[in-house]
């Protein structure tokens, strides 16, 4: 026994001796360990970043995945990953993916890690938009608020809190108590009108830490045909800027896509007359003021002239432009009413904003709220709305 112990000691001190004398090496290499701290982060709804800690002795790593049904397979580029991170792209939205990684060198492969499950929907904490340095404004038709009671109230409050908008105009607010609860939970102030037909009222929520509401009024209260929801007009100030005006509107819905002037209650005819009235009102009362008109217009700004209800704005002497025109003309863009799909919510600015709009800090975006729901748009539409918010970020008020 002592001789054997001495032999082992010699082999340890002179590792080449055993090989030269024909004896096998008694000291084998330490087996590769399993990569530790295996984790995944969704970069967007279709891309995950996988990463892990490095393993001593490993020259590369093998990364495999499977979906809900099917065997494990190597992800693209995942056969011999030299780094300790890799992206897996072009994933399906709102789906389960399962991952594992193992260590490799020229002689062996380690056991794989425990399986990591990632579902491709975004966490609420990733929802964001506003910045302290910009004026951030949005519009959101929260259909039949609160359509799912307290659940809708809680989710709407999360949206307001996370987006950090200075001002957001809202449509279809049907319950004042729920509106007040949403404001309390989100930390916003607000105003709710009570003049809309069928109680689908207009409202505004605003951050009193960043903007001041100077005046609020409802316009066209008597014209229920053109304005079943009278305009909600507000005067705000932001930081040291000159005051500006916000007009919240929700025009009549539906129609056949044609303007029939022979029918007084034709939906498109009602919308074009309402827009004409709006245009004239602004030109009369606010000809030199910065004005933003936004909300649910219930029509497409890209229609040809013969059926475009927005012609009064396009042809007005005052000068108007739509901040979301690029979105509306892009068939691959995310639109505000995705179930149809169509883009019905718009942000229209008076020409005072033209110089500001071209600044590099300006941003216009439809917020993909359905990305934050486990089952995507179905969950979103059943609990919050069938519209998505449309937002704009401006560096200053002209």
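Filter region 220-237 down to the residues that are in a strand (DSSP E or B) and crowded, with 18+ Cβ neighbours inside 10 Å and list them by number. Write out each step before concluding.
Initially, region 220-237 is screened for residues in a strand (DSSP E or B), giving 231-237.
Those that are in a strand (DSSP E or B) and crowded, with 18+ Cβ neighbours inside 10 Å: 231, 232, 233, 234, 236.
Under 6 Å by Cβ, and 6 or more places apart or on different chains, what pairs join a residue from region 216-238 that is closer than 15 Å to residue 192 by Cβ with one that is modelled with pLDDT under 95 and part of a loop (DSSP other than H, G, I, E, B)?
218/195; 229/196; 230/195
If you check residue 283 against the conditions, is it over 26 Å from residue 236 (Cβ atoms) and in a helix (DSSP H, G or I)?
Details: over 26 Å from residue 236 (Cβ atoms): no; in a helix (DSSP H, G or I): yes.
So residue 283 fails the test.
Working carefully through the options 301, 292, find the one that is assigned to a strand (DSSP E or B), within 27 Å of residue 388 (Cβ to Cβ) and more than 18 Å from the chain's Cα centre (by Cα). Lay out the reasoning, then the answer.
Values: 301 fails: assigned to a strand (DSSP E or B).
292 is the lone residue from the list that is assigned to a strand (DSSP E or B), within 27 Å of residue 388 (Cβ to Cβ) and more than 18 Å from the chain's Cα centre (by Cα).
Test residue 379 against the criterion of being over 16 Å from residue 246 (Cα atoms), at pLDDT 95 or above and out of contact with any helix residue (DSSP H, G or I) (no Cβ under 8 Å at 6 or more places or on another chain), and give yes or no.
Working: over 16 Å from residue 246 (Cα atoms): yes; at pLDDT 95 or above: yes; out of contact with any helix residue (DSSP H, G or I) (no Cβ under 8 Å at 6 or more places or on another chain): no.
Considered against the rule, which asks whether it is over 16 Å from residue 246 (Cα atoms), at pLDDT 95 or above and out of contact with any helix residue (DSSP H, G or I) (no Cβ under 8 Å at 6 or more places or on another chain), residue 379 comes out as no.
The values are calculated or read from the model by the stated rules, or taken from the named source; none is laboratory data. Note that the structure is predicted; figures quoted are calculated from it, not measured. Reconstructed Cβ throughout: ideal geometry from the backbone, glycine too, with neighbour counts over all protein chains shown.
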